[in-house]
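Enquirer: I am attaching a structure below and will ask some questions about it afterwards.
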Amino acid sequence: MVRKAQTAEAGRTPQAPGASDAAQGMSVKARTQSQLVRSRFFRHRGALAGMFLLTFVVLLAVTSIGAGPIPGWWDKGPVRTSDIVNGGRPTLGLWPTFLGGGGLHLGEHPFGQDNIGRDYFAVTMRGTQVSLVIAVIVGVVATAIGTVVGAVAGYFRGKTEAVLMRVTDLMITIPTLLFAAMVAVMWGNKGIVMLGLVLGLVTWTQTARLVRGEVLALREKEFVEAARSVGTSAKRIIFKHLLPNVVGIIIVSVTLAIAAAVLLESALSFLGLGVQPPDTSLGKIINEYRSAMMTRPWLFYWPGAFIISIALSVNFIGDGLRDAFDPRQNRVRN
């Protein structure tokens, strides 16, 4: 038995000290890029909190009053009026019982009623829906334009880059709110989709500069030179080789553009230059009831709270995506 044990021991392959640790390290490094990005993102507490908050706001806005032909669970609509009860004050109760409250209850009008008796919860949900739709359209359009402009300028250089970047610099020098107001006056009264498209045309400059910087660093890499050497067209190199390598920048730009679009649309609607009647948005709601700020402050609290919630949550998600896609970030461990 002793001889068999010695023989088995002798037949084993000797391992260097720390070999098991190295093997474990190799298994960790074998994870794909998408797995690393996902791991970094879900370790970012702010991004998770923002994702949960944004999901809650979207689900609440869509399911409460419904969207299009889909009905909601709330029995009141944003245009239906009724008698004003108790001065239109909110009936939402949030105080727990042990603090002298009645616990959580919605009541007849949880957000109160406006000046003409509409349920303010339904009005706020409709405004949230419109603001979200415009913000998403602006984010997609601005990112698409900025990505194409930045990629073309960074790849071709020379006169092409000079012309495109001078146009970009010119648009940057014009105050965004002023330029957006001018565009909204001309085309903003044709619906929320058109308003989102025209706002996207004035908010793409930051994305263009970011993408251009990344493409400038990538265009001299070996895989781009190899593609050129076999006669690959410039269009295919840009869209098949360069842009997939800057997808992290593009995704982050989308989130940041959406957050900025929420505030920009709210500012324009507050000035009366954004969403036009009969539709509404969060900024337009605040503008309609600004004269009641001192007497009925809840008419400002609720739409303002939703504007802040959407902007902060999207910003936190963008911050988490930036840290996840950028391996130089050290705040989130792999």
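The values are calculated or read from the model by the stated rules, or taken from the named source; none is laboratory data. A quick note: this is a predicted structure, and the numbers were derived from the prediction, not measured. Note: ideal-geometry Cβ built from the backbone for every residue, glycine included; neighbour counts use all protein chains shown.
Enquirer: Among residues belonging to region 281-334 that are assigned to a loop (DSSP other than H, G, I, E, B) and charged (D, E, K, R), point out the one that is modelled with the highest pLDDT. Steps first, answer last, please.
Expert: Here is the first cut: in region 281-334, the ones assigned to a loop (DSSP other than H, G, I, E, B) are 281, 289, 293-297, 326-334.
If we keep only those that are charged (D, E, K, R) too, we end up with 296, 326, 328, 331, 333.
Working: Arg296: 85, Asp326: 70, Arg328: 56, Arg331: 48, Arg333: 47.
Looking at the filtered set, the residue picked out is Arg296.
Enquirer: Output yes when any residue across region 185-195 is in a loop (DSSP other than H, G, I, E, B), at pLDDT 90 or above, within 23 Å of the chain's Cα centre (by Cα) and not polar (S, T, N, Q), and no when none is.
Expert: Scanning region 185-195 turns up no residue that is in a loop (DSSP other than H, G, I, E, B), at pLDDT 90 or above, within 23 Å of the chain's Cα centre (by Cα) and not polar (S, T, N, Q).
Enquirer: Of the conditions (1) over 17 Å from the mean Cα position of the chain (by Cα); (2) under 18 Å from Ile145 (Cα atoms), Thr203 fails just one. Which one is it?
Expert: The single condition Thr203 does not satisfy is (1).
Enquirer: Looking at region 131-154, is at least one residue surrounded by fewer than 19 Cβ atoms within 10 Å (Cβ to Cβ) and of a type outside the set (A, V, I, L, M)?
Expert: Here is the first cut: in region 131-154, the residues surrounded by fewer than 19 Cβ atoms within 10 Å (Cβ to Cβ) are 133, 136, 140, 144-145, 148.
Within this subset, residues satisfying the condition of being of a type outside the set (A, V, I, L, M) are none.
Within region 131-154, not a single residue is surrounded by fewer than 19 Cβ atoms within 10 Å (Cβ to Cβ) and of a type outside the set (A, V, I, L, M).
To keep it simple, each residue is scored yes or no on (1) surrounded by 22 or more Cβ atoms within 10 Å (Cβ to Cβ); (2) more than 30 Å from Phe111 (Cβ to Cβ); (3) small (Gly, Ala, Ser).
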| position | (1), (2), (3) |
| --- | --- |
| Asn189 | no, no, no |
| Gly213 | no, yes, yes |
| Glu220 | no, yes, no |
| Arg228 | no, yes, no |
| Arg236 | no, yes, no |
| Glu265 | yes, no, no |
| Gly274 | yes, no, yes |
| Leu282 | yes, no, no |
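Enquirer: A follow-up question, please. Got a sec? Which of Phe121, Phe111 is surrounded by 13 or more Cβ atoms within 10 Å (Cβ to Cβ), touching a Lys or Arg at 6+ places or on another chain (Cβ under 9 Å) and either at pLDDT 80 or above or part of a strand (DSSP E or B) (or both)? Before the answer, list the steps.
Expert: Working: Phe111 fails: touching a Lys or Arg at 6+ places or on another chain (Cβ under 9 Å).
Of the residues listed, the single one that is surrounded by 13 or more Cβ atoms within 10 Å (Cβ to Cβ), touching a Lys or Arg at 6+ places or on another chain (Cβ under 9 Å) and either at pLDDT 80 or above or part of a strand (DSSP E or B) (or both) is Phe121.
Enquirer: Taking Ser233 as the residue in question, decide whether it is within 25 Å of Val193 (Cα to Cα) and out of contact with any Phe, Trp or Tyr (no Cβ under 6 Å at 6 or more places or on another chain).
Expert: Values: within 25 Å of Val193 (Cα to Cα): no; out of contact with any Phe, Trp or Tyr (no Cβ under 6 Å at 6 or more places or on another chain): yes.
Against the criterion (within 25 Å of Val193 (Cα to Cα) and out of contact with any Phe, Trp or Tyr (no Cβ under 6 Å at 6 or more places or on another chain)), Ser233 does not qualify.
Rundown of residues vs (1) of a type outside the set (Gly, Ala, Ser); (2) assigned to a helix (DSSP H, G or I), yes/no style:
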| position | (1), (2) |
| --- | --- |
| Val202 | yes, no |
| Phe223 | yes, yes |
| Lys240 | yes, yes |
| Gly248 | no, yes |
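Enquirer: Which one of these is farther than 30 Å from Gln276 by Cα and polar (S, T, N, Q): Thr168, Thr160, Thr176, Thr143? I'd like the intermediate steps shown before the answer.
Expert: Numbers: Thr168 fails: farther than 30 Å from Gln276 by Cα; Thr176 fails: farther than 30 Å from Gln276 by Cα; Thr143 fails: farther than 30 Å from Gln276 by Cα.
Testing whether each residue is farther than 30 Å from Gln276 by Cα and polar (S, T, N, Q) leaves just Thr160.
Enquirer: Any chance you could count how many residues in region 55-82 are in a helix (DSSP H, G or I), closer than 26 Å to Asp114 by Cα and either hydroxyl-bearing (Ser, Thr, Tyr) or in contact (Cβ under 8 Å) with a residue 60 or more places away in the chain (or both)? Spell out the reasoning first.
Expert: Initial filter on region 55-82 (in a helix (DSSP H, G or I)): 55-65.
In the following step, the residues that additionally are closer than 26 Å to Asp114 by Cα were identified as 56-65.
In the following step, the residues that additionally are either hydroxyl-bearing (Ser, Thr, Tyr) or in contact (Cβ under 8 Å) with a residue 60 or more places away in the chain (or both) were identified as 57-58, 60-65.
Of the residues in that region, 8 qualify.
Enquirer: Can you tell me which residues in region 180-198 are in contact with a helix residue (DSSP H, G or I) (Cβ under 7 Å, 6 or more places away or on another chain) and either over 20 Å from Ala257 (Cα atoms) or not aliphatic (A, V, I, L, M) (or both)?
Expert: Step one: filter region 180-198 for residues in contact with a helix residue (DSSP H, G or I) (Cβ under 7 Å, 6 or more places away or on another chain), giving 180-181, 183-184, 187-188, 192-198.
Of everything in region 180-198, those that are in contact with a helix residue (DSSP H, G or I) (Cβ under 7 Å, 6 or more places away or on another chain) and either over 20 Å from Ala257 (Cα atoms) or not aliphatic (A, V, I, L, M) (or both) turn out to be Trp187, Gly188, Gly196.
Enquirer: Which members of region 158-181 meet the condition of being free of Cβ contacts under 8 Å to residues at least 60 places away in the same chain and surrounded by 12 or more Cβ atoms within 10 Å (Cβ to Cβ)?
Expert: Thr160, Glu161, Leu164, Met165, Val167, Thr168, Met171, Ile172, Ile174, Phe179, listed by residue number.
Enquirer: So, one more: Among the listed residues Ala142, Ala217, which satisfies the condition of being under 25 Å from Arg322 (Cβ atoms) and touching a Leu at 6+ places or on another chain (Cβ under 9 Å)? Please lay out each step first, then the result.
Expert: On the way: Ala217 fails: touching a Leu at 6+ places or on another chain (Cβ under 9 Å).
Within the list Ala142, Ala217, the selection yields Ala142.
Enquirer: Another one. Please indicate, with yes or no, whether at least one residue in region 21-35 is on the phi < 0 side of the Ramachandran plot, assigned to a loop (DSSP other than H, G, I, E, B), at pLDDT 65 or above and aliphatic (A, V, I, L, M). Working first, answer last.
Expert: Just the residues of region 21-35 that are on the phi < 0 side of the Ramachandran plot, to begin with: 21-35.
Okay, now just the ones that are also assigned to a loop (DSSP other than H, G, I, E, B), so 30-32.
After this cut, where a residue has to be at pLDDT 65 or above as well, the list is 31-32.
Now drop any that are not aliphatic (A, V, I, L, M), which leaves none.
No: zero hits.
Enquirer: Being in contact with a helix residue (DSSP H, G or I) (Cβ under 8 Å, 6 or more places away or on another chain), more than 19 Å from Phe306 (Cα to Cα) and either touching a residue at least 60 places away in the same chain (Cβ under 8 Å) or acidic (Asp, Glu) (or both) is the requirement here; does Gly117 meet it? Break it down into steps so the answer makes sense when it comes.
Expert: Working: in contact with a helix residue (DSSP H, G or I) (Cβ under 8 Å, 6 or more places away or on another chain): yes; more than 19 Å from Phe306 (Cα to Cα): yes; either touching a residue at least 60 places away in the same chain (Cβ under 8 Å) or acidic (Asp, Glu) (or both): no.
No, not satisfied.
Enquirer: Does region 114-173 hold any residues that are of a type in the set (A, V, I, L, M, F, W, C), under 20 Å from the mean Cα position of the chain (by Cα) and more than 25 Å from Ile249 (Cα to Cα), and which are they?
Expert: Answer for region 114-173, where residues must be of a type in the set (A, V, I, L, M, F, W, C), under 20 Å from the mean Cα position of the chain (by Cα) and more than 25 Å from Ile249 (Cα to Cα): Met125, Val130.
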